[in-house]
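Chemist: Here it is: the structure, laid out below.
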Amino acid sequence: MPPENKNSDPFEELKWSDLQDWAGGKATAKGIKYQEEERVKEIKRTPEGSLVALVEGTSDYFTEIFLKDGKLSSVCTCPVGHDCKHGVAAVLEYLELAEQGEEVLIASEEDPFVAKARQEYTGDEISALGEEESSARALREYLQRLTRTELIEILVTFAEKDTGLGKYLKERQTLSAENVEEIVGEVYSELDELLEEAGDFEYADYEMDVPDFLDVQVGLESLLDSGHPDELLDIGKELMDRYEKIADYDEEGEIGTKISFCMDVVFKALTRSSIPAHEKMLYMLEIELRDNYNILNEHGFWEKDFTPEEWKRFSESLKIKLKEAEKTENPLYDSLWQRDYAVDRLVYALEKSGLFEEVIPLCEKEAKKTGNYIRLVRVLLDSGKREKAEEWIYRGIKETREHETETAHQLLQILLEIKEGEGDWLFVSALETEEFFRHPDISSYSSMQEAAKKAGKWEEVREAAIRYLKNGKLPASKGKNKEKASILPVVLPKTGLLEKELLKKIKTPVFDLLIKIAIQEEDPQEVIHWYEELKKSGEESQGYWHSISESEIANSVKEKYPEVALEIWKSLAEKLISEAKVGSYEEASAYIRKIKETFEASGKKEEWENYLSEIKEANSRKKKLLEILDTLGEDRIIKV
């Protein structure tokens, strides 16, 4: 992109290739269509220089587009979230207005449109909550000025229009006559009917017509608001139990969502109930342990201001339940996650009650029982027992690295954090190098590179790694005590974790990783070498093609080896065109634009024009493709 003139608008300098590089061929084409269909409903400039727009899609979406150092980026409230067709449409709308000489307003910092847009895409609800509270306060003040007769008339009128409000008022009327059991019975009857419907094998259309739990929720709210919170607690357990029986039919989770709203009312009731605080804690824990399908909404129950004595009573009760679960079957502690979750709550309770001396022995016992080494290590580190934590890290890695690889990986990350904090980069480099030889990929290579450079050993480490990828030769020294060996003798220290038999056996050369490394290290000659070797390797190495991007290869060599890049882009573009789909044409256009830019950069404009003519002639019946190709003759979006 040309350098920005101080007096010019940087957006006006944008090229079509800038849009495609930013959002991709598909999103750019769809953004063009959106802008042509006049879906950009409002657009403004911000004081910082970005664009903010409201774009009509499946819903109305807010998007903000930034242009910094010639690079576009955006955020959006759509499901994609960033760098999408809505942003493209907004940029094109802005440029069309600019080309027509129409002014786009620059919003003030207090502009409600900008504030709402940013609130929408950041998920910031603080302002919204403030507005909601202000609105509720104004409404309350208005209602307080009305007479009793006027209030009654309003309620009766709206109860007739709103079935939910009508049911709520009728149930409050029933409760005023102390018919609590009648309302509870109605709630259970409604549950029976709804969950039977949801669990019916013949109920195939529930995705379009999800059972409505509004009556259940209204019943719960009327019980709560009329001062009967205790009655809701048993209903809450029943809700969770019954959902368990029909959850398999709830593939989209829509019924679970409705039940979670009902449970929100139950949680409010729990805080107002008459049971002791420690029993409230036990109840909440029991509900959470029943949540096998993760339907519950977040709540702040455990952050409430309970006293140390209340936490202590809860911890004592929970210890008894955990001990009993070891002897007799208890569906709440059957799975590993349930026991771990309960122990997490117990640890938290012990800390809150000041019983810190019980925490470490408990976590050690559970680590041996369930393999939860991570919790123990974290507790030890928080207690300042670093050496003890390292002992358990080593034990945990050795016992989990074959069958619980994620646990072993997390423990290794903790050990790396410890050693990095100590500045022991030689040790960190040894750990990362061992990890690379266990799991050779571009991510472990990069981590190994970063550590080895800080340790001043990258040249030696890289040589060993590349040799391994070329011929499979492991650098580890031989010896009976493999854990005492170094992954790279003399160069790196022993970690005590090296087990040579667990090092990855690979088929060499590892073409895809050698290519990715060469791309990352910006070595086009090596990229070409391994790319050509891969092409010559035949059927044996076909699997490598699935893990490399030929487009990335072309981008990395286009300056030094433009003929190779052109060959790749032509192949990719022509393959997409042959699919005869509009979406494929859009993707192909991004590659064809790169072909154009590469030809022109090499001073071969005539060859580009010949190639474009050949593509058009060969696909003369594909009108949509020809429309897309016509834009390739244009450079800047705004014609000058």
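Chemist: Read through the list (1) more than 19 Å from residue 620 (Cα to Cα); (2) touching a Phe, Trp or Tyr at 6+ places or on another chain (Cβ under 8 Å), then give the number of the only condition that residue 573 fails.
Modeler: (1)
Chemist: Checking residue 271 against (1) polar (S, T, N, Q); (2) crowded, with 16+ Cβ neighbours inside 10 Å; (3) in the same structural domain as residue 215 (by the TED database), which single condition isn't satisfied?
Modeler: Evaluating residue 271 over (1) polar (S, T, N, Q); (2) crowded, with 16+ Cβ neighbours inside 10 Å; (3) in the same structural domain as residue 215 (by the TED database) leaves (2) as the failure.
Chemist: Which of the residues spanning the stretch 397-409 are in a helix (DSSP H, G or I) and crowded, with 18+ Cβ neighbours inside 10 Å? Give the steps one after another, and end with the answer.
Modeler: Initially, the stretch 397-409 is screened for residues in a helix (DSSP H, G or I), giving 397-400, 405-409.
Correct list: 397, 400, 407, 408.
Chemist: Do you know which residues across the stretch 504-540 are more than 21 Å from residue 475 (Cβ to Cβ), open to solvent by 70 Å² or more (accessible area, probe 1.4 Å) and without any contact (Cβ under 8 Å) to a residue 40 or more places away in the chain?
Modeler: Listed by number, the residues that qualify are 522, 525, 529, 535, 536, 539, 540.
Chemist: Hey, which of the helices (runs of 4 or more DSSP H) in the stretch 14-125, taking only ones fully inside, have at least 3 residues that are open to solvent by 50 Å² or more (accessible area, probe 1.4 Å) and in contact with a strand residue (DSSP E or B) (Cβ under 8 Å, 6 or more places away or on another chain)? I'd like the intermediate steps shown before the answer.
Modeler: Working: elements: 16-36, 85-99, 112-122.
Answer list for the stretch 14-125: 112-122.
Chemist: Looking at (1) part of a helix (DSSP H, G or I); (2) over 28 Å from residue 323 (Cα atoms); (3) over 31 Å from the mean Cα position of the chain (by Cα), find the lone condition where residue 361 falls short.
Modeler: Looking at each condition in turn, residue 361 falls short on (2).
For every residue, the table says whether it meets (1) at pLDDT below 95; (2) surrounded by 15 or more Cβ atoms within 10 Å (Cβ to Cβ).
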position: 542; (1), (2): yes, no
position: 545; (1), (2): yes, no
position: 551; (1), (2): yes, yes
position: 566; (1), (2): no, yes
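Chemist: Something else: Within the stretch 301-308, is even one residue open to solvent by 30 Å² or more (accessible area, probe 1.4 Å) and either small (Gly, Ala, Ser) or more than 34 Å from the chain's Cα centre (by Cα) (or both)?
Modeler: Looking for residues that are open to solvent by 30 Å² or more (accessible area, probe 1.4 Å) and either small (Gly, Ala, Ser) or more than 34 Å from the chain's Cα centre (by Cα) (or both), one finds at least one in the stretch 301-308, hence yes.
Chemist: Could you tell me whether the stretch 373-380 includes any residue that is surrounded by fewer than 20 Cβ atoms within 10 Å (Cβ to Cβ) and touching an Asp or Glu at 6+ places or on another chain (Cβ under 9 Å)?
Modeler: yes
Chemist: I've got another one for you. Would you be able to tell me the number of residues in the stretch 591-611 that are touching a residue at least 60 places away in the same chain (Cβ under 8 Å) and open to solvent by less than 20 Å² (accessible area, probe 1.4 Å)?
Modeler: Residues meeting the conditions: 1.
Chemist: Then there's this: Of the residues 350, 336, 355, which single one is outside the structural domain of residue 260 (by the TED database) and at pLDDT below 95?
Modeler: Sole residue among the options that is outside the structural domain of residue 260 (by the TED database) and at pLDDT below 95: 336.
The values are calculated or read from the model by the stated rules, or taken from the named source; none is laboratory data. Predicted model, so just to flag it, every value in this text is computed and none were measured. Counting neighbours? That spans all protein chains shown, and the Cβs are built from the backbone with ideal geometry, glycine included. Only protein heavy atoms, including side chains, enter the accessible area calculation; ligands, DNA and RNA are left aside. Shrake-Rupley method; radii C 1.70, N 1.55, O 1.52, S 1.80 Å.
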